[in-house]
Structures are given as C-alpha cells and as structure tokens.
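Nothing in this text is a laboratory measurement; each read-out follows from the coordinates by a stated rule. Since the model is a prediction, treat every value here as computed from it, not as a measurement. In this analysis, Cβ positions are derived from the backbone assuming ideal geometry, glycine residues included, and neighbour counts consider all displayed protein chains.
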C-alpha cells in the first residue's frame, strides 16, 4: 500500500511539473519515450519501466534531468519533491549537491591556471602550496606528487570521499581537513603508496588541488571558480559556496537517505568544495558538457583551449582516468563521464566525445540505482551508437520454502553478503546496496545491479552451503555461507559494515555476533566497539552498553583519533531513523557527552 501511494504521489508531481514547460510535439514525444523506457543491464522478460515506477521502487524523492542532442540542451525536467515536507516540487531550476561531479569542474579550474602559466601539471605540488605543505614520508619512495597525479587519482593518496558536516556543526578549515585535525571527521590525507604507480580514487587529493587554487590566486575558492570557470561556461546558477547563501535556499533540494528519512538539517556542508561542494542544476552541467565537446572539436574556447581540453580528456597512467573525468568506451564511441554521491544526493553525467550527445541526472537521495536506467533510456531514444545492449532474461517464481533456505550471510574474496527477505521478495545486500534477487531456475539468480550470474550450492544433506559465481562464462570465486562466525575472516571494515546495516535494521543479536568476531580479530577497532555498545543500548541492556561506551571513549582518547565524537554523530543518525531517543539522552547525560547541534535541532 505504501509503494502504491508513493507511485500515485510521484505521478501527481510529474503532472504538476509537466505543466511548467512545454516543448515542440517532437520533443514532447521524445520526453514521453524517455520517461517510459527505463531498464538496466538486464531486461527481465524484455520489460521496461516508467520514471514514476522506478522512483517509487527505489524510494527516490526528487529527480532532475537535462538532455543534450546535437550540441544543444533539448529539454530539462524535474520530477518529485525538492522538499517533501515543504511541498516544494523539483523544477529544472532546483539546485542539487550530488558530490564528486565537482571534481570535473575543479580540474577545469586547475587547467585554466596551467593554461595561464600560473601552474605546471608536472612539478611537485609543494611548489605551489603556501598555507600547508604535503608531508612526504617513506611510502612515497622519494617520488613527488604532481597536479596531474592529483587530478587523475594517481597520487597514491588515501581518503576516498567525505561525509560532510551538519549545517550547525563546526566546519574545519581545509588545512585541518588535510591533517585530520578536529573538527575534521576524516583521516589526514597521506600517502599509501608511491605516486604514479596506479589509480586509487582520492577525494583527499582533489582537496589538495583546491587549496593550491586558493594559495596561488589569493582568492576564495568559490569566487575564483565562479568567475573563471562556471560563469564563462554558462553555469550561472551554480556555485561552490559552502553553505549556500541564504538567498539560494529556496532553490536548494533537501537530501534524503535510502529509507526516505531526511538528512539532518536538510543537507551537509562540504569544506572540501573541489571534491564535493558544487551546487548545480543539470542544465548548467550540460552547458559545461557542450562547451567541453565544442572545445574538443576546436569550435570553442570559453575557458580552456582545444589543446588543453584534449589534454584534460586524455587518460593519464590509468586506462580510463583522465584529469577530473573518466573516459568510457562503448563500442567505437567514447564518452567523458563522472558520477557522484553526497549525503542524501547523487548524480551522473555523460558526454560523447563526438556527435554532441549527453545527459545529466541528479537525485536528492543517496540511492542512485535509477541513474543508469534513465541514462540507458536516453541513449535508446536518441540512438547513441553501441551504448546500451541489454541482456534479456526470463524470471520465474520460486516457492517460499526454497527461498527461505537461501537467507543468511555469505563471504567471498573477503566481501560479506547478506540474503534477506523484504516485503516484495528476497534481496542481496552488500556495502549498503539492497539488490533484488531474480531467479531463472530455483537455484540460479541474478541482480540487475551486479554483472555476475549466481547458482546456489547444497551439501549432501541438502543444506545450502554457498553459491557459485560466473561472469561472461568465466568462473569467479565461490561464496561460502557463514554458519559460524568464530572462523570468519573478511576484508578490513567488512564485518563492521555488515554489522552496521544489521544494526540499522534492528537485527541486534545478529549484529552482535558479527561485532564480537570483528573485535576478536581487531581488539582496538573503535568503530566495532562503539557499534557493539549501540546494539546493547537498543536491546535495553544499558549496563553492558555503558561499559562498552566507556571502553570506547578511553581507547579513543588514548589513540588521539577523531573517533571520540562518533557516539554523538551516530546518535544523530539513529534519531533521524526513529530510534529511542530516551536511551540516547541517558547516554549523553551519564557520560557527560556534548550533545551535537544536529541532535538538538532534529
């Protein structure tokens, strides 16, 4: 009933937004086709879906899209809610904060300074850093990091991404972010291996390049980027200001989690502007895509020359990572792309290197499963050569008693998987992604989000022991069902990650089993100790929880890490998800912990 109501609500939102903008009959027909031909890697029984159906299925509050054909934005449209409580609909003017797409424009800013002879891509970054210096150590093997390394994620640095900060929290300076000093909530940005060796995605590296822009120009980052990059390319509604200025708030979308809960205080603030802080519309981003396409073909140079644009779109060390973008090959065609995800937001863009095709899609939810399906629909309607070639599979119904035997946890290659039942079927959970299971026989299944084919295995007594995995006919490692966590091993963080999702879903006993094993393997794992305390707290075993919280705080103080604020941060999340606040209030009181502003205000 809830899903049906959501579908009706989305259709209402669609009809309201549709009334805002009209196009030619030809374009309106193209829009209708895009809206009704969504499909993923696999088409089940050859069926496609509508935007409304998939927004309801994936619990997407709001969506905004702009489409490029023949080097022009041919249409842009919004769907659903920019803010559900305020009853603000998404329009093409709604601003989103999808995250890492910011890196593409940041790279344009760096290359503009290279073009103006103020920077060199191939010298030591400390040549330009003034307010902070990168602390080289033995892991870099006496090799220097360059701007080309930072922009292509080949600098050998850590810190993949950033969670952002509540709007009412203390916001660290960029140097404090880079050193992992309070109030920063991420580790220091440091070497993990020598630069130039291989690709490793690092938002931390992008943040260093952001600081280089401010150190070299002497201007605030958002001002430099607006005047020298965004405005000249026609991205006049977009900005890197963090947080947004008050006069922009009426246009800003509110972020939502996968479960539909609103992000605390509506959105997070990102001092890591170059990596994650760009607020924009799909139409504005399409102006950047078009300018890139025209400059690549030698037909424009509003910011970068054709020569510099070609350099930006050339993979560096890695086969697909260029400077602020990734190059994707589809048959004989090539695309420059980037996806993104911030707290409560996500998005993606594609631009063809030839032919003037492209699309930008933003969501105000952190579940991006609909994105590729919608891009596939655009590619189909506008005849993007070789872009979308779906696999057609026929699904069957499997009796419930058979499915029930598959439920449980599994491990392969250090990755932990859970198979669990939800209201509309069985799901495959990994790294926070719930992927529905589709069966072609009683033993064989696939997921739309993942490419491998899977077949359940049973032992001599008929008990499920695991599942086989294959990709394009080649065997992959077998997943083994976990029947006893006492012997479980997994990749770093995997046990704790699975336990967290069990905790979020209030499966406290199951989560405790995993966490105890994780602590056995890593006795000083602060996240695991804290999460174990959470489990006992919400199980109403307050004495055990309090003992574990005290152990957590003692070890956090001893390690001098940023973990000591984890309890309050987690409690903000739990409060947003409807957990018992009286228990959390008691912990704040008994441990004399500072209550985060985000907890007070929600």
How long is segment 264-347 along each principal axis, judged by its Cα atoms, biggest number first, in Å? 45, 28, 22
Cα-based Rg/(2.2 N^0.38 Å) for segment 102-381, rounded to two decimals, is 0.96
Thinking of segment 400-483 as a set of Cα atoms, what percent of all their pairs are more than 15 Å apart? 55 percent
If you take the C-alpha gyration tensor of segment 212-324, multiply each eigenvalue by 5 and take the square root, what semi-axes do you get, largest first, in whole Å? 28, 17, 15
Averaging sequence separations of C-alpha pairs under 8 Å and six or more residues apart, then dividing by the length of segment 322-413, give the relative contact order as a whole percent. 19 percent
Spacing of the two label points (7 Å from each Cα toward its C-beta) at residue 476 and residue 385, in nm: 3.1 nm
Where the centroid of each part is defined by its Cα atoms, how far is segment 194-246 from segment 28-106 in Å? 26 Å
Two decimals, Cα atoms only, Kirkwood Rh: what is Rg/Rh over segment 433-523? 1.01
Could you work out the helix-only [θ] at 222 nm for the chain, with each DSSP H run of four or more residues adding -39,500 (n - 2.57) and the total divided by the number of residues, to the nearest 500 deg cm²/dmol? -10500 deg cm²/dmol
Two-site label geometry, residue 524 and residue 47: point separation in nm, points 7 Å out along Cα→Cβ: 5.4 nm
D for segment 122-275, whole µm²/s, Stokes-Einstein with Kirkwood Rh over alpha-carbon pairs at 4 °C and 1.567 mPa s: what number? 78 µm²/s
Determine the gain in length on full extension of the stretch residue 484-residue 87; use 0.36 nm per residue of separation and subtract their C-alpha separation, reporting nm with one decimal. 138.0 nm
Backbone N within segment 469-509 under 15 Å of label point (7 Å from residue 544 Cα along the Cβ vector): 503, 507-509
If you take all C-alpha pairs in the chain, what percent of them are over 42 Å apart? 24 percent
Where the eigenvalues come from the Cα gyration tensor of segment 102-150, what are the semi-axes √(5λ) of the equivalent ellipsoid, largest first, in whole Å? 21, 12, 10
From zero up to wherever the largest Cα-Cα distance of segment 28-74 sits, split into 10 Å bins and tell me the percent of pairs in each. 21, 49, 28, 3
As a Kirkwood estimate from alpha-carbon pairs, segment 487-601 has a hydrodynamic radius in angstrom of 14.2 Å
Relative contact order (%) - criterion: Cα under 8 Å, at least six apart; region: the chain: 15 percent
Point-to-point label distance, residue 506-residue 354, nm (Cα→Cβ direction, 7 Å offset): 5.8 nm
Find the eigenvalues of the gyration tensor of the Cα atoms of segment 334-445, then list the square roots of 5 times those eigenvalues as equivalent ellipsoid semi-axes, largest first, in whole angstrom. 33, 19, 12
Antiparallel content of DSSP bridges confined to the chain, in %, to 5: 95 percent
Calculated diffusion of segment 497-544, Stokes-Einstein form, Kirkwood radius summed over Cα pairs, 25 °C and 0.890 mPa s, µm²/s: 238 µm²/s
Quotient of C-alpha Rg and 2.2 N^0.38 Å, computed over segment 254-394: 1.14
If the chain between residue 435 and residue 559 were fully extended at 0.36 nm per residue, the gain over the current Cα-Cα distance would be 40.9 nm
Output ordering of 268-281, 115-128, 169-182 (per-residue mean of other Cβ within 10 Å, highest first) is 268-281, 169-182, 115-128
When N is the residue count of segment 50-97, what does its C-alpha Rg come to as a fraction of 2.2 N^0.38 Å? 1.26
So for R0 = 22 Å, FRET eff. of residue 176-residue 137 from the Cβ-Cβ r, to 0.05, ends up at 0.65
Quick one: P(r) of segment 134-217 from all Cα-Cα pairs, 10 Å bins, percents rounded to integers, in order of increasing distance. 19, 49, 27, 5, 0
Would you kindly state how much longer the chain becomes between residue 219 and residue 397 on full extension, computed as 0.36 nm times their sequence separation minus their alpha carbon distance, in nm to one decimal? 57.9 nm
Quick one: grab the alpha carbon gyration tensor of segment 353-398, order the square roots of its eigenvalues as a ≥ b ≥ c, and give me rounded if a/c is under 1.5, else prolate or oblate depending on whether a/b is larger than b/c. oblate
